[in-house]
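The values are calculated or read from the model by the stated rules, or taken from the named source; none is laboratory data. Since we're looking at a predicted model, the values are computed, not measured. Counting neighbours? That spans all protein chains shown, and the Cβs are built from the backbone with ideal geometry, glycine included.
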Amino acid sequence: MELLHQTLAKITPPDRACEGLAQQRLDNLTKPPGSLGVLEDIARRLAGIQGKPLPELPREKVSLVLAGDHGVVAEGVSAFPQEVTPQMVLNFLRGGAAINVLARRAGARVVVADIGVAGPPLEQEGLIACRVKSGTENFVLGPAMSRQEAVKAVETGIALLQQQVKERPALVGIGEMGIGNTTPSTAILAAFSGLPADQLTGRGTGIDEARRQHKAFVVTRALQVNRPDARDGLDVLAKVGGLEIAGLAGIILGCAAEGIPVVLDGFISGAAALVAHSLAPLSREYMLASHLSQEPGHRIMLEMLGLKPILHMEMRLGEGTGAALAFPIIESAICIINEMATFAEAGVSQGE
């Protein structure tokens, strides 16, 4: 646990003085105060994260996509078979998935890592092989993984962030691939929120109402069997989580420790954010919520984290697509605070 402890110890609050100076400039730009809404919030927050009153455009933009499988698919919670996970990993590597298209448009590099795909090792050019184990266990029967495996997966995410993101300032988006992963994400949310599984369970990849109800039953049963301790993020993660969720939590913690803004995707990365927040509450200060997923529990996740989604696009794909879509908006916020004139600079009279 040494890397995890070192990372947690490095997480400090953003620079509040720089946030204040950024807000002063935003309030004096040639517009009514607050009229650019979320763009102003982003600019102010990035000033604090970067420690600069005028935040800089990222020199490096990276979409980190983690792949992992889930033993709970044996309970019939997904509309797709587990073989889709390695097939989609290959699609990512070939550049043919939605995340590839949106990341290219945003000028971001896509990094794909196998942290827990089931079956034999994947040997594909360009794939980061960092598998902790070949998929989680069926958490209806017991813990999804051991606590040691959960820690290793979190630390794998931290190490991946450190290895892949070298330039500063940087912008990191996170995404995932793993058939059945909305089920552990729902279980994580239920464990932390205390809300009933049926209220939080969505349709995932497109299951019908009967299977959605079954999925909620599976989540409820997993919580009864494992009794995760909401006061201990690693306990929740080990008992009802996923390997890619653990890795994403590690990336979030790594970003917070390194002073890098991390753009969350949807429901699964939201579950990872809840775990990261449990381990280091200050990590939420480095999170940006890209969009509001159609999964019913996602709104609750963001409310628990105190985050506002940038976009409302009715998306539920995953892969980091929402995060990549938000990259240009985040960069636009940086351009606004740097390039827009103040009233004094423009010689424009301010209203009373």
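Return the pairs, sorted by first residue and then second, in which the second residue is part of a helix (DSSP H, G or I), the first residue lies in region 183-202 and is without any contact (Cβ under 8 Å) to a residue 12 or more places away in the chain, the beta carbons are less than 7 Å apart, and the residues are 6+ apart or on different chains.
none
Which condition number in (1) more than 25 Å from Asp229 (Cβ to Cβ); (2) buried (at least 24 other Cβ atoms within 10 Å of the Cβ); (3) in contact with a helix residue (DSSP H, G or I) (Cβ under 8 Å, 6 or more places away or on another chain) is the one that Ala326 fails?
Against the list (1) more than 25 Å from Asp229 (Cβ to Cβ); (2) buried (at least 24 other Cβ atoms within 10 Å of the Cβ); (3) in contact with a helix residue (DSSP H, G or I) (Cβ under 8 Å, 6 or more places away or on another chain), Ala326 comes up short only on (3).
Regarding Val72, is this residue touching a strand residue (DSSP E or B) at 6+ places or on another chain (Cβ under 8 Å), modelled with pLDDT of 95 or more, among the β-branched types (Val, Ile, Thr) and within 24 Å of Thr136 (Cβ to Cβ)? Steps first, answer last, please.
Details: touching a strand residue (DSSP E or B) at 6+ places or on another chain (Cβ under 8 Å): no; modelled with pLDDT of 95 or more: yes; among the β-branched types (Val, Ile, Thr): yes; within 24 Å of Thr136 (Cβ to Cβ): yes.
No: the conditions fail for Val72.
Suppose the filter is crowded, with 17+ Cβ neighbours inside 10 Å, farther than 23 Å from Ile158 by Cα and more than 21 Å from the chain's Cα centre (by Cα); does Glu56 pass it? Walk me through it before giving the result.
Numbers: crowded, with 17+ Cβ neighbours inside 10 Å: no; farther than 23 Å from Ile158 by Cα: yes; more than 21 Å from the chain's Cα centre (by Cα): yes.
For Glu56, the condition - crowded, with 17+ Cβ neighbours inside 10 Å, farther than 23 Å from Ile158 by Cα and more than 21 Å from the chain's Cα centre (by Cα) - is not met.
When Arg16 is evaluated against the numbered criteria (1) at pLDDT below 95; (2) outside the structural domain of Arg104 (by TED's automatic domain parsing), which criterion, by number, is the only one it fails?
Failed condition: (1).
For region 292-309, which residues satisfy the criterion of being farther than 18 Å from Ile179 by Cα and either surrounded by fewer than 24 Cβ atoms within 10 Å (Cβ to Cβ) or of a type in the set (D, E, K, R) (or both)?
Leu292, Pro296, Arg299, Ile300, Leu302, Glu303, Met304, Leu305, Gly306, Leu307, Lys308, Pro309
For region 138-178, what are the residues that are in contact with a His (Cβ under 9 Å, 6 or more places away or on another chain) and surrounded by fewer than 23 Cβ atoms within 10 Å (Cβ to Cβ)?
Within region 138-178, just Asn138 meets the criteria.
Looking at (1) in contact with a strand residue (DSSP E or B) (Cβ under 9 Å, 6 or more places away or on another chain); (2) part of a helix (DSSP H, G or I), which is the only condition Asp235 fails?
The number of the failed condition is (1).
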